[in-house]
Amino acid sequence: MLRRILILMTMAFLLILLGCSNNSFNMKNIDYRYGVIETTGQENMSYLSFYNDNLEKVGEEKIKYGSMGDGFALPIVFDKSMFIVPKGIYNQKELTFIMEYDLDGFEIEKWDTELQNMNSIAVNNDFIFGVNTMDFTSNIVKCNRKTKELSKIQIPDTYISYIEVYENELFAFGESEDLGKMKSSLYIIDTNTLDIQKEIDISHIGFGQYDTVIKDNKLYFTASYSIDSIENQPTNKLLEYNGESGEIKTYSLKENFPFQILGYGDNLLITHFDPVGVTGGIISIFNIDDASSELIEFNHNIEHLHLDGDDIIILGNGHLYRYNKEFSLVTFTPITNTRKTNYHYYTTGLFKR
């Protein structure tokens, strides 16, 4: 009898060890370079899948938050952490925090903004910002990273769709109605006081801003849709804003639906992707000096792109792709996993360690 008890205890102990070997704790020593987010809104569950330099899958972590990202607001990597918004169950959007995921320590910290269904977030060394829109009033909340104290500003009758922070300025892009016509604006907000310093009318380029870049002390951003007609029409505008002089220059790209924008040597790299229709596989290499551009066309979507040295890593069509600086394909791998569930999982972003 004693021998049987000892055998059962040994088997139980081994099962515990085997169980632990498959969870995230023992994956903390994995050597990875890239991560892909898969999520669903049908349950509070998401997966982070990890890949090495050769795009081989080397690990996976299950996280019990749903609707993590949405393909419009891409994950932010800042100071060795990945920041993203898990919204929760589809019809509830009950979660109110920004998730910080330590890319080295695999730890999670929650920054509660008290905002449901956030549209966009921004991060710097001192603060974490989130914005949502309720009853057509946008609420921008600042969370102090040392004290977790919250501050808030409300912008009535405006939908703030995207925010970004550079040094002590928060840039907020919003749409409103002015005399029966749609208006698109850029708000420049002091990060310390949350006072609006400027409101710049950018209706001439349209709305649908998803990314920005600072280059040579100038802010560059694009628009995906024109507001010149009742129906939202795709557009191809790039705007340069000089914060010192206040000068604004507008350029026309060769392709519609500009999405991500990154510094690329002396040029700008701009992806063309429609997150609503989930389609688009073209990159513009834009020369700032002469406003010329070169188009690079791919045979797959460019849902999210990261520069990694001279290489280009792209998430699209359920795959990860690595291209070299000549835009020649080096390797690719499928990243869509088969889950033992009836729930629908989808990818919402790529992050680089």
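The values are calculated or read from the model by the stated rules, or taken from the named source; none is laboratory data. Note that the structure is predicted; figures quoted are calculated from it, not measured. Note that we place each Cβ from the backbone using ideal geometry, even for glycine, and neighbour counts take in every protein chain shown.
Overview of values
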| read-out | value |
| --- | --- |
| Complete set of residues in the range 1-43 that are modelled with pLDDT of 50 or more and assigned to a loop (DSSP other than H, G, I, E, B) | LYS28, ASN29, ILE30, ASP31, TYR32, ARG33, GLY41, GLN42, GLU43 |
| Failed condition for ASN144, given (1) more than 29 Å from GLU43 (Cβ to Cβ); (2) under 17 Å from the mean Cα position of the chain (by Cα); (3) polar (S, T, N, Q) | (2) |
| Candidates SER46, SER67, SER120 - the one that is farther than 25 Å from GLY208 by Cβ and either crowded, with 17+ Cβ neighbours inside 10 Å or at pLDDT 95 or above (or both) | SER46 |
| Selected residue (criterion: nearest to SER67 (Cα to Cα)) from residues of the range 84-123 that are under 15 Å from the mean Cα position of the chain (by Cα) and part of a loop (DSSP other than H, G, I, E, B) | LYS87 |
| Some residue of the range 150-164 being modelled with pLDDT of 95 or more, under 30 Å from ILE30 (Cα atoms) and out of contact with any Cys (no Cβ under 7 Å at 6 or more places or on another chain) | no |
| Count - residues of the range 308-317 that are farther than 16 Å from GLY69 by Cβ, touching a residue at least 12 places away in the same chain (Cβ under 8 Å) and either part of a strand (DSSP E or B) or more than 19 Å from the chain's Cα centre (by Cα) (or both) | 6 |
| Residue identified as in contact (Cβ under 8 Å) with a residue 40 or more places away in the chain, farther than 27 Å from GLN233 by Cβ and crowded, with 16+ Cβ neighbours inside 10 Å among PHE332, PHE286 | PHE332 |
| Selection from the range 165-222 of residues that are part of a strand (DSSP E or B) and among the charged types (D, E, K, R) | GLU169, GLU175, GLU177, ASP178, LYS181, LYS183, ASP190, LYS198, GLU199, ASP201, LYS215, LYS218 |
| Criterion (farther than 20 Å from GLY69 by Cα and assigned to a strand (DSSP E or B)) met by exactly one of LEU269, LEU320, LEU305 | LEU269 |
| In the range 239-266, residue nearest to PHE327 (Cα to Cα) [restricted to those that are within 20 Å of the chain's Cα centre (by Cα) and in a strand (DSSP E or B)] | TYR264 |
| Pairs, first at negative phi and at pLDDT 95 or above in the range 71-100, second in a loop (DSSP other than H, G, I, E, B) and among the aromatic types (Phe, Trp, Tyr), C-beta under 8 Å, six or more apart | PRO86/TYR65; LEU95/TYR65; MET99/TYR65 |
| Residue that is surrounded by the fewest Cβ atoms within 10 Å (Cβ to Cβ), among those in the range 289-311 that are aliphatic (A, V, I, L, M) and within 23 Å of GLY277 (Cβ to Cβ) | LEU295 |
| Pairs, first more than 28 Å from ASN29 (Cβ to Cβ) in the range 341-353, second in a loop (DSSP other than H, G, I, E, B) and of a type outside the set (Lys, Arg), C-beta under 6 Å, six or more apart | TYR343/GLN42; TYR343/GLU43 |
| Number of positions in the range 325-353 that are among the hydroxyl-bearing types (Ser, Thr, Tyr) and either touching a helix residue (DSSP H, G or I) at 6+ places or on another chain (Cβ under 7 Å) or closer than 18 Å to ASP310 by Cα (or both) | 2 |
